Amino acid sequence: MVLRITKQGEPILKKAAQPVDFGALKKDLPRLLRDMWSTMYAAKGVGLAAPQVGLALRLAVIDVKPEGKSERLVLINPEIVSREGAVVQEEGCLSLPGVYVKLKRHSIVRVKAFDERGEPWERTAEGLLARALEHEVDHLDGKLFIDRLDMVRRLKVAALLKDLKKTWT
Ligand code: NI
């Protein structure tokens, strides 16, 4: 099922999400993940965090399709272990459709998380995947990418948002 994606301005996107309790979520997790994948692909995104479908849980999915092929990552209770380097790239977010800004992030990011079976995994990423990892973990901390802009650029985006918001559903 394709779920509605929450948009900037909705309180859940500002809230720090709660850690996933595997025992409590076990029954609902497969369907929730299926819905999150459907929602992300339908919106043509490369990542989606649970608060974007209205759930304040530390859970996100990412598929940046390296070399055009799907590579699905399920991140449950993710933690960024280390980050280094810097790179400026254009970035967007399904919760702010139509907004794209150049944003500096780390170029190499190491993350550890659990997969859908509760198995721990850890990997080092660069490029778009490193950016997506930081972006999605930010969502779980109640942070949007525009929160990382300096004041002047944030004001510019705010002006743009006024008109854009009328087109959001
Ligand atoms: Ni986002």
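Results, tabulated for the structure shown:
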item: Matching residues in the range 114-169 - criterion: being closer than 15 Å to Val101 by Cβ, more than 16 Å from the chain's Cα centre (by Cα) and part of a helix (DSSP H, G or I); result: Met151, Val152, Arg153, Arg154, Leu155, Lys156, Val157, Ala158, Ala159, Leu160, Leu161, Leu164
item: Single unsatisfied condition, Arg83 versus (1) charged (D, E, K, R); (2) without any contact (Cβ under 8 Å) to a residue 40 or more places away in the chain; (3) on the phi < 0 side of the Ramachandran plot; result: (2)
item: Check on Ala60, without any contact (Cβ under 8 Å) to a residue 40 or more places away in the chain and open to solvent by less than 10 Å² (accessible area, probe 1.4 Å); result: no
item: Residues that are more than 16 Å from the ligand (Cβ to nearest atom) and open to solvent by 60 Å² or more (accessible area, probe 1.4 Å), drawn from the range 109-144; result: Arg110, Lys112, Phe114, Glu116, Arg117, Glu119, Pro120, Glu122, Arg123, Thr124, Glu126
item: Selection from the range 98-108 of residues that are surrounded by fewer than 18 Cβ atoms within 10 Å (Cβ to Cβ) and under 30 Å from Lys165 (Cβ atoms); result: Gly98, Val99, Tyr100, Lys102, Lys104
item: Ser70 vs. criteria within 22 Å of Glu119 (Cα to Cα), out of contact with any strand residue (DSSP E or B) (no Cβ under 8 Å at 6 or more places or on another chain) and not β-branched (Val, Ile, Thr); result: yes
item: Residue check, Val61 modelled with pLDDT under 95, within 16 Å of the ligand (Cβ to nearest atom) and of a type in the set (Val, Ile, Thr); result: no
item: Per-region count, the range 3-21, residues open to solvent by less than 90 Å² (accessible area, probe 1.4 Å) and out of contact with any Gly (no Cβ under 8 Å at 6 or more places or on another chain); result: 7
item: Residues within the range 79-108 that are within 16 Å of the ligand (Cβ to nearest atom) and of a type in the set (Ser, Thr, Tyr), tallied; result: 2
item: Answer from Ala132, Ala60, Ala125, Ala50 - the residue that is more than 24 Å from Gln18 (Cβ to Cβ) and hydrophobic (A, V, I, L, M, F, W, C); result: Ala125
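The values are calculated or read from the model by the stated rules, or taken from the named source; none is laboratory data. Quantities reported herein were computed from a predicted structural model and do not represent experimental measurements. Glycine gets a Cβ as well: all are built from the backbone with ideal geometry, and neighbour counts include every protein chain shown. These accessible areas exclude ligands, DNA and RNA; they are computed on the full protein's heavy atoms, side chains included. Shrake-Rupley method; radii C 1.70, N 1.55, O 1.52, S 1.80 Å.
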